[in-house]
Every structure is written in C-alpha cells, then in structure tokens.
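Have a look at the structure below before the remarks.
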Amino acid sequence: MRKIYFGDNLEILRELATGCVHIVCTDPPFNSGRNYNTFLKASQSQRTAFVDTWTWDDAAQDARREIGRLAQASESYAALNNALIGYDFVLQKATSGAPSAMRAYLAFMGPRILELHRVLHPRGSMYLHCDPTASHYLKGLMDALFGVANFRNELVWHYSAGSAPRQDFKRKHDIILRYVKGPSFVFNQPRMPYAENTRHMFKYQDEDGREYRRNGTKDKNGEWKRFYWDDGTPMDDVFTYLRGSEMNQIGATSKERLGYPTQKPRALYERMIEASSNPGDIVLDPFCGCGTTIDAAETLNRQWIGIDVTLLALDPMQKRLRERHGLEPSVDYEITGYPTNIQEVMLLVRDRKKYHDFANWAVTRIGLEPTANVGDGGFDGTGALRVWDARTQRERHTRIIAEVKSGKPSISALRAFCHAIRETKAQVGIFITVEPLSTGMKAMQESMGTFQHNGVSYPRLQFWQIDDGYFVNPESLNERIQLPWRVKSRHKSERHFKDEQTELMLRG
C-alpha cells in the first residue's frame, strides 16, 4: 500500500479500519505559537497547517462538545473526556491567553490520538514528535488513551542549532513519545558502533576479514564473538546529533532541504521506523507535511499512508517520491483529494467546501501565494515580479496577481479582475479558468496593454485554462503564460533508486 490522503486527518482516520497500520510516526503541530507562513489565510484548515497558534474559539468549543457527546457511548472517548476535564482545571478553564490556547490545542489533538490508537495494530507502536511546550500535556492524553503501562520511552532528539532567549538556557532538543498498543510489540534493537577508542580490543578476524573480540557471554546465535562493526552497543534514548550528520536539523545547505517549514531529517524517522516495524509493514503519518516519514518508509521497504490538510504540502512530497524513488502519482501510489488530471480538478471545483483548496492549488502552480480574499471578486494569488526599467537602468519590484474561476467565466468577472489589476497597480494579472474563454473576453487582453522587460513586451492580462495538457507536461505552463521568469522548481532530492538506463551505464 502506498497512499496519500488530502483532507482533515480526523475524518480520514475515522474511515480507516481498526488495527490496519503497524506503526505511527508523526510530527504534529506543537502549539509553539509560531507563524510559519503568514500568507496562508484563505481557509481555517490551511491556516492550521502552517500557523501553529491556537485559540479557544467556536471550533475548539465544538470539538469539546463532540468529545462529550461521544463519551456517552464510547469508553475511549470517555477516557479522553475525563483527561480533558482534568486539564481544564489545570489550565483554570481559561478562555484567553496561553492557557486557553493549550486547551484548544488539546481539544484538537485528543480525538486524533484516540483514532490513531484505534487504527494501530495490536503489536504496533506510535512515535509522537513534540517539543517541551506541549510534550507533558500530550503524554497525559496518551497515558489516558494508550494506558500508562504502554508508555515505553521519552526520546530526546538533540540537534546543533537552537534558539537562545536572553533569560533562558539555549533550547536544542525536541521530545518524541514512544507508546505501544499492548504487551507484545515489535522492537528491533537499534545499535550504535562501538567507540573508536575500543577498537584495539577487536584483535581477531574471521574468514571475511571482520574484526571481533572474544566475549564472556554468548550472543543470540550462540557465538562467543562480538564484531566491531556489526554488533555495537544498544542505542540509548538520547538521539544526539553528530556534526555534519544526517541526524541534525535540516540546514540551509542540506541536500534534503525542501523549503518546507518544520521539516525534519529523514534519518531521524528511519531510526524509529526500523526499530518498531519490519519490511512490508504499514507506516502511517497523519501530519505528513513534505513527506519525510513516507520517504523514510519507502527507503526501508515499508508500505505507507500519508495524510495532510494542505495541498501545498503535496508538491514537495510528490517531488521527493519521484526523484528519490522513481514513484509516479496515480501509477505507483494513490492520491485522494489532490488533482492529478482534469477529471479530478472538476470533482474538486464542484465541491463547494473545497473551492478554496482548488484556488490555492491553482495559484501555487504559477509560483504565487494564496491570499486572504479568495472568492470575493478581487484576486486569489499574489507575488513579486522583478522587471528591468529601461528609464532608470535598474531592476524594480512590481506585483503580479491571479484570479481563479471554477465555473464558466463571465465578462463581468473578468472586468472585476481587470479593475483589481489597476487598483493594486499590478504589472500583470493572470486569469485562471477550467472552462474556455469567449472571444470577447480574449479581446480584453489588448485593452489592458503590455509591460516591458529587457526590450520585450508582455501582455499585462494573461490567461491560463487548466486542461489535461498541463498534467501531462507541467512545464508547458511556461509556454502558455508569457512572463520574464519561469515557474521555479525545487532542487532535486538525492536519488535512492537506480533506473534501468543507469544500470546499463554502470554495467558498461
């Protein structure tokens, strides 16, 4: 199984079968109070994905009421409800400030942890990545839902970079809570190489040239030997970075870097997946973001399920699966809720609840950022454009905007967009549709004039009709839209597979 879902993970988790996944590895929002992408204001679900701040609002109160209602018929929800009531007293039932934000965050996370426990295999494990802001609260919820006896480790991921407020110690670690579902569980003991200063003790060699020393106790295979490279010492619960290692944070020069907020190193998730699952097992990440967990799972020959709320996350996810593993969407893995052809685009735009998601997806195809005023007759995307000013002999920054129309485009809608171009003093506006334009609408392009860059004229009003041709060749967008810049792609991920042509070249 290889599957990516787009949508609210709580709804999707409730549709998964009980006991269907072997390990959960996830990095949810931390209630850190950080605003990772301030431009994403189009819909609350999109905001939740990138803005890790919480408010005791109607949505939080509705979540608590639903938990209370379900508690009447479910022992699991009753346990969750009791835990949240306890936290209400700890947090003084606050409706404003930091305590209220924590109440809202726990109302969000509680039902999701409950469903993750339900879908976990009886011998399965869950790794919940968090930070000191909320780790102790989340541990309380997991104790209530998994059982205190099923807590196994509080893992510490120690990294090199860290913030250093003037009145605090420098923060350089995250917490990972490890729970199991029952007394029998998978655990493949991870090991670290023996220390270099002990190598002189490994003075014997076997027939394959492997260094070993004689040991006072037999190993599991009845051997009296300890190999320097193959055995090592059991790994402890502090995952310490090594300078320049892949276990460190994703830095600006890292080969893994995708430009996605809160991205974690793949090696960190490989360690957890390898320890608590076997090849062929199913790995689940309900907050999969740019796809680190599913990348690690694929690397280790596991099956996987990824869920994320924002379409923006799935671009880097698809890219790394293609470049590292040679996997193509709708061929090698299934995507639900993300358009991979024009038929799926039409299904998305017909769902009124998902119009904002479609608009966000469309404007990000041309490198723009979604705006807050989706569907208000203004514009749906905006970005900066640098053009060469022949008069001043220097580059100047100007604006580019886009409007998305899911239904049949009208003259009045196009006139409103042209008005927005003039009002915002945008250099260029792109009108995006899924249905063809009329002849009269195309004629309006000439009336909007052109802009100049390096002696070349470009239409100020441009059009992009989304069709199957785009999905066959996304680069064709650079031919349909005439701009002095190309839609940029992210740098390539390091390949984890060898294709047939590469194999032939190596053999030659």
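The values are calculated or read from the model by the stated rules, or taken from the named source; none is laboratory data. Because the structure is a prediction, the values reported are computed rather than measured. Ideal geometry is used to build each Cβ from the backbone, glycine not excepted, and the neighbour counts take in all protein chains shown. For accessibility, only protein heavy atoms count, side chains too; no ligands or nucleic acids. Shrake-Rupley method; radii C 1.70, N 1.55, O 1.52, S 1.80 Å.
Scanning the stretch 134-157 for residues that are in contact with a Phe, Trp or Tyr (Cβ under 6 Å, 6 or more places away or on another chain), surrounded by fewer than 20 Cβ atoms within 10 Å (Cβ to Cβ) and of a type outside the set (Phe, Trp, Tyr) returns a single hit, ASN150.
Among the residues making up the stretch 49-103, those that are assigned to a helix (DSSP H, G or I), among the basic types (Lys, Arg) and open to solvent by 30 Å² or more (accessible area, probe 1.4 Å) are ARG64, ARG65, ARG69. Only a single criterion out of (1) under 23 Å from VAL21 (Cα atoms); (2) open to solvent by 40 Å² or more (accessible area, probe 1.4 Å) is not satisfied by ARG322, namely (1). Could you please find all residues in the stretch 278-290 being assigned to a loop (DSSP other than H, G, I, E, B) and in contact with a Lys or Arg (Cβ under 6 Å, 6 or more places away or on another chain)? Matches in the stretch 278-290: ASP281 only. Restricting attention to the stretch 173-198, the residues being open to solvent by 40 Å² or more (accessible area, probe 1.4 Å) and either among the aromatic types (Phe, Trp, Tyr) or at pLDDT below 75 (or both) number 6.
For the stretch 364-381, a residue qualifies if it is open to solvent by 30 Å² or more (accessible area, probe 1.4 Å) and at pLDDT below 75, and the qualifying residues are ALA372, ASN373, GLY375, ASP376, GLY377. Take the conditions (1) at pLDDT 85 or above; (2) over 36 Å from the mean Cα position of the chain (by Cα); (3) farther than 25 Å from PHE358 by Cα; MET441 misses just one of them, which is (3). Using the structure shown, decide if ARG112 is open to solvent by 10 Å² or more (accessible area, probe 1.4 Å), at pLDDT 95 or above and in contact with a Pro (Cβ under 7 Å, 6 or more places away or on another chain). Judged against the criteria, ARG112 is a match. When the stretch 460-485 is limited to residues that are closer than 25 Å to SER447 by Cα and of a type in the set (D, E, K, R), the one that is modelled with the highest pLDDT turns out to be ARG460. Listed by position, the strands (runs of 3 or more DSSP E) enclosed by the stretch 109-218 that each have at least 2 residues that are closer than 21 Å to ARG271 by Cα and within 25 Å of the chain's Cα centre (by Cα) are 120-130, 151-163, 171-180.
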